Amino acid sequence: MKVLRFCWCVVWVIGTVNIWAARVARVWDEIVFGQPSSERRHGFSDKATEIVRGGMEEPARVLLPVPGERVEGGNMTFTMKIDPDRQNYFTARFWGSDSGNSNLLILFCEGKQVGYRHLGDYDVLDIANEDLPRPGHFTYTTVPLPFSMTKGKEKIELSIRSTGRIARYGNSFDAYQKVMEKPSKAIYKGYTHTEACFRPSKKEIREFEQGERRVRTAPGEEVMEKVRQFVNRQISGYMKKTEIDQETAALLAYAYHEPWTVAYRNKAVAEQVIRTADQYYERFAREPKSVYDGSWLTVGPLCEALNVFVPEVCEVWDGKMANGRTRRENWTDMFAACVDYAKTHRRSYTNQSMIVDLHLYNVNRMLAVFAPEKALPVWQALAFIYESMGIAPWSGSLSADGLPTWPLGKTYYQFSQDGLSKELGYVGGYGEILNWMVHLYEATGERGLTDTRDPLVRAQMLKILHARSHFRYPTSDNEGYAVMRGESVIGWRDHGYYPAGITYGERGYHREGTPIMAAAATLDPEAVAYAQQMMEDNQFFAVVKEKMKDRGLNSTYTLLRLPGEYELIMKQPRREGRLPMSEGMPDVLFSDEEVGVVALKNGDEILYASLYWRANFAVNFLARVHYITPECDRVATVFEDIRYTPSGYTYTRPERNNLFFSPARNFYPEVKSAHTGEQLPIARIPDGVEFKPGQESVYAGKGDFYILRYGKYLIAMNCTRDRTFEVAVPTEGRVHTFPGKEVVRDKVLTVQPRSTTVLIVE
């Protein structure tokens with residue numbers, strides 16, 4: 001009996017030690033919102049909240065709008081235990097079937113705001129949208145607590161506050177901050193912990209039955225007829241107007257060649273386009289800068305339309321206008337002024353660079369028709385396109401002397417060698433730019449004649465399509481049907497895109513593109529295969545139907561393209577291949593050391609990580625992670641180890657709570673930031689690149705070598721061209737490489753230049 005009692009004691013001691021160790025390594029404290037006993041233990045107080053029974057019938061709280069309150073809705077305050085000596089994190093638990101109606105949830109620590117309200121490296125707790133992040137599963141969001149505020153403390157006061165959505169480009173308070181009209185999404189639990197990867201308990205992670213993969217049965221092909229009817233109604237309305245803008249003119253010019261439209265071979269369209277050009281010149285004559293100053297477009301869309309009607313234009317270009325000069329003379333002045341402006345006002349963000357250079361090319365092409373001696377040589381206009389697409393180094397705006405300025409150095413490309421747009425890290429939504437590439441590709445040739453288009457542009461476009469194919473992951477749509485969505489959680493310019501829209505080969509919902517533009521423009525087997533995968537999931541028609549809800553001009557233009565694109569794709573044989581992250585596909589690792597991003601599929605797990613995370617001004621030692629497992633989603637901002645070449649400069653975080661990259665929009669002066677005063681090192685800036693501390697720079701925050709430990713994954717990324725680095729192999733478990741899964745017995749591994757090593761610690 002004594003022996004038995006002793007054995008039970010040993011078991012109890014071992015169990016207790018294991019539980020304590022797990023607590024130390026994982027969860028330090030936990031609060032269950034909506035559970036009175038848990039809230040009492042944590043000194044809970046609230047304003048304008050409501051207890052609900054949410055996912056899995058578990059209790060939760062929602063934060064409510066406050067009548068008459070312009071900025072904030074409900075809030076709740078509580079106290080939680082923390083580790084006084086280590087970096088602490090706070091994780092919130094949400095239900096993936098909840099929509100947040102674009103409200104913001106912001107964490108406060110000791111009354112100070114954690115994170116920045118728009119595009120901060122420290123992100124806010126939750127920026128929701130109308131879509132469901134992960135139907136039928138819980139999701140977890142992790143943010144770091146400022147070490148300066150937790151050091152030496154065993155407890156800390158935390159608050160979660162709600163606000164209405166923000167219109168991120170609003171220049172005034174009223175335009176920027178919207179009133180909270182609906183309750184926030186439900187918040188189920190809060191946790192403090194010291195491990196970067198939050199690990200829910202087995203009790204909390206219930207066994208979810210995956211169930212049968214459900215594929216949409218509706219809508220079907222009848223949608224395409226509705227598209228034709230819708231577009232024709234829109235075109236009829238445009239054609240009745242006495243004055244239209246240049247983008248409408250471009251749409252009508254495209255419709256002129258589409259047999260199913262009411263604009264097909266209609267001479268009235270040509271007359272309307274020419275009349276629009278006259279109106280633009282009259283505007284130009286009154287105030288020249290009005291047609292191009294601050295504009296990405298200049299008169300690019302107008303020239304795109306005019307290019308369709310060159311014979312008709314030639315018939316009237318000797319006609320006199322009101323000022324006594326010929327149409328040819330007047331238009332030439334306008335086109336030349338726009339070319340001069342565009343070539344001296346190029347933009348560095350990739351999508352913006354493409355838009356500017358596309359319209360520069362189109363204007364120059366018409367200028368070459370009107371006055372060849374004033375136009376840029378074809379090779380120079382094409383060189384701008386090559387630069388925007390990452391085929392050649394980006395030279396920046398031309399100086400007044402017509403020379404390249406090289407603001408980012410003579411070796412900077414807009415795209416990495418692996419095919420991702422670079423900027424300040426991985427770009428999510430704004431990186432889905434195949435639609436602009438299609439426009440650039442089509443601009444280099446004649447309509448319908450693919451063999452006249454530039455082959456280098458085509459090859460680069462397909463490289464980019466392949467690279468971005470790794471950033472689509474399987475999930476369910478809002479109705480529970482199988483779908484692929486684009487990855488945006490780790491996108492540095494993405495705000496409120498969790499989840500992102502339905503995306504297979506290309507972004508579908510977006511007003512400036514179609515789901516099959518690149519596939520139809522190139523008929524490349526890989527691009528066609530992704531389009532066919534979308535159609536087999538029957539998501540194509542659902543996306544198209546949704547697009548028709550947008551009555552805007554850009555959406556109408558893309559819908560105008562769709563019947564022809566759809567017909568082309570349907571004529572193609574079934575191509576082999578599916579998106580790499582699709583269910584049942586083999587393990588895959590994609591890394592881009594120039595962008596600092598990793599995408600991997602390990603069985604039924606998917607991990608996205610941005611190691612170069614919103615480091616606009618300095619090295620910030622932060623990574624952004626989206627970890628998708630069969631049980632749950634985890635979204636996290638966590639610390640990592642970064643080795644960098646110092647510049648000798650430092651950056652001190654200012655008192656700022658909003659819009660991290662634009663201090664002008666300081667709309668919340670009463671709200672203090674938890675990060676003010678944090679001093680960060682600035683990495684070396686290449687010789688010849690102008691820089692001052694505090695300026696946004698693609699170099700200031702870029703590391704040479706990154707080490708991220710997140711859960712069982714260790715990622716070591718060498719971003720240099722000619723240096724090697726070493727990474728210590730974890731000793732706490734069995735370690736193997738990924739994706740090769742070779743057992744690692746060495747204590748240290750060498751990571752070669754421009755390569756990434758991924759280890760899994762079991």
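Once the Cα atoms are used to define both axes, helix 246-255 deviates from the longest principal axis of the chain by about 80 degrees. Seen against the Cα atoms of the chain and their longest principal axis, helix 455-468 is set at about 20 degrees.
Listed by Cβ neighbour count within 10 Å, with the fewest neighbours leading, Arg265, Arg325, Arg216 appear as Arg265, Arg325, Arg216. Modelling each spin label as a point 7 Å along the Cα-to-Cβ direction, I'd like the Glu157/Gln229 distance in nm, to one decimal. Rounded to a tenth, the inter-label distance reads 6.1 nm.
Sorted fewest first by neighbouring Cβ atoms within 10 angstrom, His359, His495 come out as His495, His359.
Note on the chain: helix-only mean residue ellipticity at 222 nm, from DSSP H runs of 4+ residues weighted -39500 (n - 2.57) and normalised by residue number, equals -9000 deg cm²/dmol. Cross-link partners of Lys672 among lysines, defined as those whose alpha carbon lies under 24 angstrom from its own and excluding same-chain residues fewer than eight positions apart: Lys47, Lys81, Lys112, Lys151, Lys153, Lys155, Lys178. Once the C-beta distance of Asp587 and Arg40 is scaled by a Förster radius of 41 Å, the resulting FRET efficiency is 0.30 to the nearest 0.05. The GluC sites (Glu not before Pro) of segment 533-578 meeting both criteria, a DSSP state outside H, G, I, E and B (loop) and at most 14 other C-beta atoms within 10 angstrom of the site's C-beta, are Glu576. What whole number of Å gives the distance from the Cα centroid of segment 585-611 to the Cα centroid of segment 557-579? After rounding, the separation between the Cα centres reads 28 Å.
Given R₀ = 25 Å, what would the calculated FRET efficiency be for Asp85 paired with Arg684, taking r from the Cβ atoms and rounding to 0.05? Using R0 = 25 Å, I get an efficiency of 0.15.
Going from the fewest other Cβ atoms within 10 Å to the most, the residues Asp121, Asp401, Asp340 appear in the order Asp401, Asp340, Asp121.
Does a label point 7 Å from the Cα of Arg283, set along Cα-to-beta-carbon, have any residues of segment 339-354 with amide nitrogen under 20 Å, and which are they? Correct set: 339-343, 345. The smallest convex shape that holds all Cα atoms of the chain, its convex hull, gives 187 Å³ per residue.
Between the helical axis of 378-388 and the longest alpha-carbon principal axis of the chain there is an angle of about 10 degrees.
Computed over neighbours whose Cβ is under 9 Å from that of Lys185, the net charge equals -2, Lys and Arg +1, Asp and Glu -1.
Report the relative contact order of the chain, percent, no decimals, based on alpha-carbon pairs under 8 angstrom and at least 6 residues apart.
That works out to 12 percent.
Given R0 = 51 Å, the distance between the Cβ atoms of Lys267 and Met548 translates into a calculated FRET efficiency of 0.95. Report the Cα centroid-to-centroid distance between segment 52-90 and segment 617-635 in angstrom, as an integer. For segment 52-90 versus segment 617-635, the Cα centre distance is 21 Å. For the pair Asn666 and Lys741, label points projected 7 Å from Cα toward Cβ lie 5.5 nm apart. Applying the criteria of a DSSP loop state and at most 16 other Cβ atoms within 10 Å to the chymotrypsin sites (Phe, Trp or Tyr not before Pro) of segment 243-292 yields Trp260, Tyr264.
Charges at C-beta only: +1 for Lys and Arg, -1 for Asp and Glu. How large is the resulting dipole of the chain about its Cα centre, in Debye rounded to 20?
1320 debye
Note on Ala371 and Val729: the model spin-label points, each 7 Å out from Cα along the C-beta direction, lie 7.0 nm apart.
Each reported figure results from applying straightforward, stated rules to the coordinates on display, with no laboratory input. This structure is a prediction, so every number in the text was calculated from the model and none was measured. Here Cβ is always computed from backbone atoms with ideal geometry, including for glycine, and neighbour counts include all displayed protein chains.
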